[in-house]
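Trainee: I have a structure I would like to understand better, so I am pasting it below and will then ask my questions one at a time.
Readers should treat all values here as calculations from the given coordinates under stated rules, not as data from a laboratory. Fair warning: this is a prediction, and the values are worked out from it, not measured in the lab. Glycine gets a Cβ as well: all are built from the backbone with ideal geometry, and neighbour counts include every protein chain shown.
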Amino acid sequence: MTVAVRAGEHALVLGASMSGLLAARVLADAYDRVTVVERDVLPVGAEHRRGVPQDRHPHLLLPGGARVMDDLLPGLLDDLAAAGSAVLTEDYSKFHFDLNGRVVAKTGPPKQPLTFHLQTRPFLEARVRQRVRELPNVTMRDGHVVLDLAATNGGRVTGAQVAPRAGGDGEVIAADLVVDATGRAGRTPAFLTRHGFDKPSEDRIAARVTYQAQLLHWPIDTIPEVLFGVDATVERPIAINIIPQENDTAMFWLYGMVGREPPTTLDAMIEWVADLCPPHVMAALRNATPIGPTSQHRIPVAVWRRFDHMKTFPEGLVVIGDAICVFNPTYGQGMTVAALQARSLQACLTHGDTDLARRFFRASAKPISLAWSFAAAGDLAYPEAEGKRTVQFRIGNRLNNLVIAAATTDVEVYAKVMKVSSFVEPPSAFLAPTYLARLLRGNLRARKIAANQRSRKAWA
């Protein structure tokens, strides 16, 4: 495990989001005291909260992120499993993945299968929050709003002004380091402008995503497919996923790209995807018992604030999580990238807090860039989506099409994509000669199968 050196007396984390909690865990090794300020009154258990309006939707914890969290909070994955988390081993004989109109080969597990821990956001967050609460030098100040950052005339951040959300006098909490984990509405850009710094440039992809979710009572054997997903395509920009969650539940999750919006009632949701599901899946959905209300959320634009490109940035401040980058949630990358950012912060703190922001932004840009490139390859395939179509995007989009074609006959091809996109293997794994050979053979087989199918149709 990476060991931090002592960086200061007090660190202040703004926001008890997943990124904020994981940052607090890392900072607890480098600072004598850590204070987490959160607008919501934090629940004791697994409850929905106002500050996370999207928490009724799936929050995938990809294997790479799960490993980091378990390293930072030892035993977390075992605790999740013991409490009822759905633990799945990668096995394509039990998965149904329809990607761009092609079904991934159902030939069983790959040679080195991944393990997935699947649960709702409140279920996971409650257990992470409890473990962070138990750290002896961490204090939670919930029910407080952040009014502004405190700074010297030279722009060094020295703390934050906070006040009780219910009303009352505010106070300035002094700190050697402030971490902005307040999400997409973070205050850092406005603070930078007031103190004479430039705002970060932004990379933006406007895919206009709307997603709708309903938690269902759904024992794991409700249908033969443990995981069921039909991805959106350019011709049909709607998708369905049925994702197991904790304690015999599953998330029935729909989304529409480039302005397509799923209906908001359960019956209408089911009928919206009738053409995408076989009869046994439709029957199971119609017979399932809903748990709680349906929930809709929109992400019109994915935004990456390029703090890593800034020439100057105030000392005493770091930004993390959604306050840096808001992803298209349909790729399930957010919590894993938050965990990897926490790992980057931990590594940076081994060298103290000198020039910390610059070093951290550059280090955290690496996992963000990988996640962003995967999302861009999917989102910008839609002509209606707005964003910069770079050479990297065009290469990624072409590779994505080759992988999907090969995956219909060779599950190892898709398993490699899962490992890279889950942050278990580096992108360089795609360049291994054995993988490139499988990719080529898989595409040749897929073309032969398609030609035979066209021939049979012509004779029919």
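Trainee: May I ask for the angle, rounded to the nearest 10°, between helix 334-349 and the longest principal axis of the chain, with both axes built from Cα atoms and the value confined to 0 to 90°?
Mentor: The angle comes out near 40 degrees.
Trainee: Based on the Kirkwood radius over alpha-carbon pairs, what value in µm²/s does the Stokes-Einstein equation return for the translational diffusion coefficient of the stretch 192-348 at 20 °C and 1.002 mPa s?
Mentor: Values: Rh = 18.0 Å.
So the translational diffusion coefficient is about 119 µm²/s.
Trainee: Also, I was wondering about something else. Can you compute 3J(HN,Hα) from phi for each residue in the stretch 29-35, using the Karplus curve 6.51 cos²θ - 1.76 cosθ + 1.60 with θ = phi - 60°, rounded to whole Hz and x for Gly and Pro?
Mentor: 7, 10, 10, 5, 9, 10, 10
Trainee: Rg and Dmax of the stretch 301-449, using alpha carbons, in Å: what are they?
Mentor: According to the Cα coordinates of the stretch 301-449, Rg and Dmax are 17.8, 60 Å.
Trainee: For the stretch 268-280, take each phi angle, set θ = phi - 60°, evaluate the Karplus expression 6.51 cos²θ - 1.76 cosθ + 1.60, and give the result in whole Hz per residue in order, putting x for glycine and proline.
Mentor: 5, 4, 4, 5, 4, 10, 4, 6, 9, 10, x, x, 5
Trainee: A further question on this structure: Within a Cβ distance under 14 Å of Glu171, other residues only, what is the Lys/Arg minus Asp/Glu net charge? Write out the running numbers ahead of the final one.
Mentor: Working: positive: Arg141, Arg165; negative: Asp148, Asp169.
Residues close to Glu171 contribute a combined charge of 0.
Trainee: May I pose another question? Zone of Arg362 (label point 7 Å along Cα→Cβ, backbone N under 11 Å): which residues in the stretch 290-318?
Mentor: The answer is 309.
Trainee: Further, regarding this structure: How do the peptides 125-133, 58-66, 100-108, 433-441 rank, highest first, by the average count of neighbouring beta carbon atoms within 10 Å per residue?
Mentor: Numbers: 125-133: 20.1, 58-66: 23.9, 100-108: 15.9, 433-441: 13.2.
For the peptides 125-133, 58-66, 100-108, 433-441, the packing ranking is 58-66, 125-133, 100-108, 433-441.
Trainee: Something else: Just need the relative contact order of the stretch 391-459 here, percent rounded to a whole number, with Cα pairs under 8 Å and 6+ apart.
Mentor: Values: 40 pairs, mean separation 24.7, N = 69.
That works out to 36 percent.
Trainee: Rounded to a whole number, what is D in µm²/s for the stretch 143-244 from Stokes-Einstein with the Kirkwood radius over alpha-carbon pairs (25 °C, 0.890 mPa s)?
Mentor: Numbers: Rh = 18.6 Å.
Taking Rh from Cα pairs, D becomes 132 µm²/s.
Trainee: Per the Kirkwood definition applied to all pairs of different Cα atoms, how many angstroms is the hydrodynamic radius of the stretch 93-174?
Mentor: Numbers: mean 1/r = 0.0551 Å⁻¹.
Result for the stretch 93-174 stands at 18.2 Å.
Trainee: Would you list, by chain and number, the lysines whose Cα falls below 17 Å from the Cα of Lys419, excluding same-chain residues fewer than 8 positions away?
Mentor: Here the lysines satisfying the reach criterion relative to Lys419 are Lys111, Lys366.
Trainee: Using alpha carbon centroids, what distance separates the stretch 350-384 and the stretch 1-70, in Å?
Mentor: Going from one Cα centre to the other spans 19 Å.
Trainee: For the chain, how big is Rg over Rh, using alpha carbon atoms and the Kirkwood form of Rh? Display every interim value, and only then the final one.
Mentor: Values: Rg = 22.9 Å, Rh = 23.3 Å.
Radius of gyration relative to Kirkwood radius: 0.98.
Trainee: Right, something else. I need the phi-derived Karplus couplings for the stretch 217-226: 6.51 cos²θ - 1.76 cosθ + 1.60, θ = phi - 60°, integer Hz, Gly and Pro marked x.
Mentor: 6, 7, x, 4, 9, 4, 10, x, 7, 5
Trainee: Roughly speaking, what is the stretch gain from Asp198 to Ser428, that is 0.36 nm per residue apart minus the C-alpha to C-alpha distance, in nm to one decimal?
Mentor: Values: separation 230, 0.36 × 230 = 82.80 nm, distance 3.47 nm.
Extending this stretch completely gives an extra 79.3 nm.
Trainee: For Asp148, enumerate residues with amide H under 5 Å from its amide H, sequence gap 5+ or separate chain, H modeled in the peptide plane.
Mentor: It is Gln161, by chain and number.
Trainee: Counting just the Cα atoms, what span does the stretch 249-316 cover along each of its three principal axes? Round to the nearest Å and put the largest first.
Mentor: If we take the Cα atoms of the stretch 249-316, the spans are 58, 25, 19 Å.
Trainee: If you don't mind, another one. Rank-order 239-246, 90-97 by packing density, defined as the average count of other C-beta atoms within 10 Å over each peptide's residues, highest first. Mind dumping the intermediate values first?
Mentor: Details: 239-246: 22.6, 90-97: 18.6.
Ranked by mean Cβ neighbours within 10 Å, highest first: 239-246, 90-97.
Trainee: Right, something else. Given points 7 Å out from each Cα along the Cα-Cβ axis, report the His309 to Leu399 separation in nanometres with one decimal.
Mentor: Computed distance between label sites His309 and Leu399 equals 2.2 nm.
Trainee: Continuing with this model, one more query. If you count the DSSP beta bridges with both ends in the chain, what percent of them are antiparallel, to the nearest 5? Before the final figure, lay out the partial values.
Mentor: Values: 51 of 73 bridges.
Given both bridge residues lie in the chain, the antiparallel proportion sits at roughly 70 percent.
Trainee: Further question on the same structure: What do you get when you divide the Cα radius of gyration of the stretch 24-146 by 2.2 N^0.38 Å, with N the number of residues? Present the calculation step by step, with values, prior to reporting the outcome.
Mentor: Values: Rg = 17.8 Å, N = 123, 2.2 N^0.38 = 13.7 Å.
Rg over 2.2 N^0.38 Å, computed on Cα atoms: 1.30.
Trainee: Reported to two decimal places, what Rg/Rh ratio describes the stretch 208-299 when computed on Cα atoms with Rh from the Kirkwood expression? Spell out each step's value before the answer.
Mentor: Working: Rg = 12.4 Å, Rh = 13.2 Å.
Using Cα coordinates only, the ratio equals 0.94.
Trainee: What FRET efficiency comes out for the pair Val41/Lys448, r = Cβ-Cβ distance, R0 = 56 Å, nearest 0.05?
Mentor: The pair Val41/Lys448 has a calculated efficiency of 0.35.
Trainee: Counting alpha carbon pairs within less than 8 Å and at least 6 residues apart, what relative contact order, in whole percent, applies to the chain?
Mentor: Reported as a whole number, the value is 20 percent.
Trainee: Let me ask something additional. Cα to Cα, under 16 Å, and not fewer than 8 places away if on the same chain: which aspartates and glutamates meet these conditions relative to Lys388?
Mentor: Those aspartates and glutamates meeting the cut-off are Glu202, Asp203, Asp379.
Trainee: Next question, about the same structure. Which whole-number percentage describes the relative contact order of the stretch 208-299, with Cα contacts under 8 Å and a sequence gap of 6 or more? It would help to have the intermediate numbers written out before the result.
Mentor: Values: 181 pairs, mean separation 38.4, N = 92.
Relative contact order of the stretch 208-299: 42 percent.
Trainee: Under the rule of at least 5 residues apart or a separate chain, name every residue whose amide H is placed under 5 Å from the amide H of Tyr31.
Mentor: Result for Tyr31 returns Ala7.
Trainee: I've got another one for you. Let me check I have the definition right: for the stretch 391-459, take the eigenvalues of the Cα gyration tensor, multiply each by 5, take square roots. What are those semi-axes in whole Å, largest first?
Mentor: Values: eigenvalues 137, 32, 19 Å².
Three semi-axes, in Å: 26, 13, 10.
Trainee: Sticking with this one: Among the lysines, select those whose C-alpha is under 18 Å from the C-alpha of Lys199, and discard any that sit fewer than 8 residues away in the same chain.
Mentor: Lys311
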